[in-house]
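Right, I'll just put the structure down here and ask away after.
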Amino acid sequence: MDKIIKIVMGLFIVILVLFIAVFSYSSYIDTAYRNSLNGTYLYTCTISTDGVLSNVTLFLSVPAAPNGNSPVVAEISSRDVSGVPAEWNLTLFGTGKATLLKVSARTIGQPAINGTAQPTTITFMVNVSSPSLIETALPVENAAVFRPVQSIHPVACPAGDTTSASTPSCFQYLTSTYADYSAVPATTVTISASVTGTNTWTIFSPASNEYQNTISMLTLHGGNHGWVTTLGWIESGIGSYNVPSP
């Protein structure tokens, strides 16, 4: 009888030790993930011209969630945007379908010198932390993208890192950009923008997941006075999703 009790007690101790070890390991994994988790948005917009644009008014889509808010919008609202020329005036507008940034400037660009064009490129950006985990697998429904999102459809993703822990999903859609300015017919203007939402963390080694949303380079010639249909592209579900529930 004593032998049986000793065997039972031995098994109980082994099971208890294993339980404590598994619980401690799970707790460490969860704590390490939560303490190191960081979400960030990086938004950039680039405007280039090889001539002089006069009386410029642009309405540019900025990354916003379905309710119109996002950390990027908040940073722009507080004027925390790097790379914006001092003479530009920025104003945010919410239309119900999209959040737009109105850019007003008397002129953009510089005249040719001895017949040689003097290209001008201006890039402004926002790099801001997210207060919570970014939904990088379903950004259109739950994160900050360029809106409105119209006629969205899946497309093949470009060849990427074959060692990725997930299979990304790619989509194209249509959105709109407003550009009103005067310029000589030979002037070429390009406008492009991108936003990347990234979650990073460290458990045993650094890991991350993200999505990328771009507005393809919009090329205009001469003056323009109105809305222009613009192509949007999204690649979501990039990186690792084998993580504890946040």
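The values are calculated or read from the model by the stated rules, or taken from the named source; none is laboratory data. Since the structure is predicted, the reported quantities are computational estimates derived from the model, not experimental observations. Positions of Cβ are generated from backbone atoms using ideal geometry, with glycine treated the same way; all protein chains shown enter the neighbour counts.
Can G109 be described as under 15 Å from the mean Cα position of the chain (by Cα), at positive phi and either at pLDDT 95 or above or surrounded by 12 or more Cβ atoms within 10 Å (Cβ to Cβ) (or both)?
no
Does the range 210-219 contain any residue that is of a type in the set (D, E) and in contact (Cβ under 8 Å) with a residue 40 or more places away in the chain?
The initial filter retains those residues of the range 210-219 that are of a type in the set (D, E), namely 210.
Remaining after also requiring in contact (Cβ under 8 Å) with a residue 40 or more places away in the chain: 210.
Looking through the range 210-219, at least one residue is of a type in the set (D, E) and in contact (Cβ under 8 Å) with a residue 40 or more places away in the chain.
Oh, and also: If I ask for residues that are buried (at least 19 other Cβ atoms within 10 Å of the Cβ) and touching a helix residue (DSSP H, G or I) at 6+ places or on another chain (Cβ under 7 Å), which ones from the range 196-224 would you list?
Hits for the range 196-224 are G197, W201, Y211, N213.
With the requirement that a residue be surrounded by 11 or more Cβ atoms within 10 Å (Cβ to Cβ) and among the hydrophobic types (A, V, I, L, M, F, W, C), what does the range 73-90 give you?
Correct list: V73, A74, I76, V81, V84, W88, L90.
Only one of E75, E135 is charged (D, E, K, R), under 15 Å from the mean Cα position of the chain (by Cα), assigned to a loop (DSSP other than H, G, I, E, B) and under 16 Å from T196 (Cβ atoms). Can you tell me which?
E135
Still on this structure: If W227 meets every condition in (1) surrounded by 13 or more Cβ atoms within 10 Å (Cβ to Cβ); (2) part of a strand (DSSP E or B); (3) in contact (Cβ under 8 Å) with a residue 40 or more places away in the chain apart from one, which number is that one?
For W227, the exception is condition (1).
What tally of residues in the range 33-72 results from selecting those that are under 15 Å from the mean Cα position of the chain (by Cα), of a type in the set (A, V, I, L, M) and surrounded by fewer than 18 Cβ atoms within 10 Å (Cβ to Cβ)?
Residues in the range 33-72 being under 15 Å from the mean Cα position of the chain (by Cα), of a type in the set (A, V, I, L, M) and surrounded by fewer than 18 Cβ atoms within 10 Å (Cβ to Cβ): 1 in total.
Another question, then. Would you be able to say whether some residue in the range 97-104 is touching a residue at least 40 places away in the same chain (Cβ under 8 Å), more than 21 Å from the chain's Cα centre (by Cα) and over 29 Å from N209 (Cβ atoms)? Show your work before the answer.
Applying the first criterion (touching a residue at least 40 places away in the same chain (Cβ under 8 Å)) to the range 97-104 yields 97-104.
Imposing the further condition that a residue be more than 21 Å from the chain's Cα centre (by Cα) reduces the set to 104.
Add one more test, that the residue is over 29 Å from N209 (Cβ atoms), and what stays is 104.
Within the range 97-104 (the criterion being touching a residue at least 40 places away in the same chain (Cβ under 8 Å), more than 21 Å from the chain's Cα centre (by Cα) and over 29 Å from N209 (Cβ atoms)), the answer is yes, since at least one residue qualifies.
Determine whether the range 149-166 contains at least one residue that is buried (at least 19 other Cβ atoms within 10 Å of the Cβ), at pLDDT 95 or above and either touching a Gly at 6+ places or on another chain (Cβ under 9 Å) or β-branched (V, I, T) (or both). Give the steps one after another, and end with the answer.
Going through the range 149-166, the residues buried (at least 19 other Cβ atoms within 10 Å of the Cβ) turn out to be 149.
Next cut, at pLDDT 95 or above only: 149.
Keeping just the survivors that are either touching a Gly at 6+ places or on another chain (Cβ under 9 Å) or β-branched (V, I, T) (or both) gives 149.
Yes, the conditions are met somewhere in the range 149-166.
Out of the residues in the range 91-106 that are surrounded by 18 or more Cβ atoms within 10 Å (Cβ to Cβ) and either in contact with a helix residue (DSSP H, G or I) (Cβ under 7 Å, 6 or more places away or on another chain) or basic (K, R) (or both), which is farthest from M217 (Cα to Cα)? Please lay out each step first, then the result.
We begin by selecting, within the range 91-106, every residue surrounded by 18 or more Cβ atoms within 10 Å (Cβ to Cβ); these are 98-101, 103, 105.
Applying the additional criterion that residues be either in contact with a helix residue (DSSP H, G or I) (Cβ under 7 Å, 6 or more places away or on another chain) or basic (K, R) (or both) yields 99, 101.
Working: T99: 19, L101: 17 Å.
This residue is T99.
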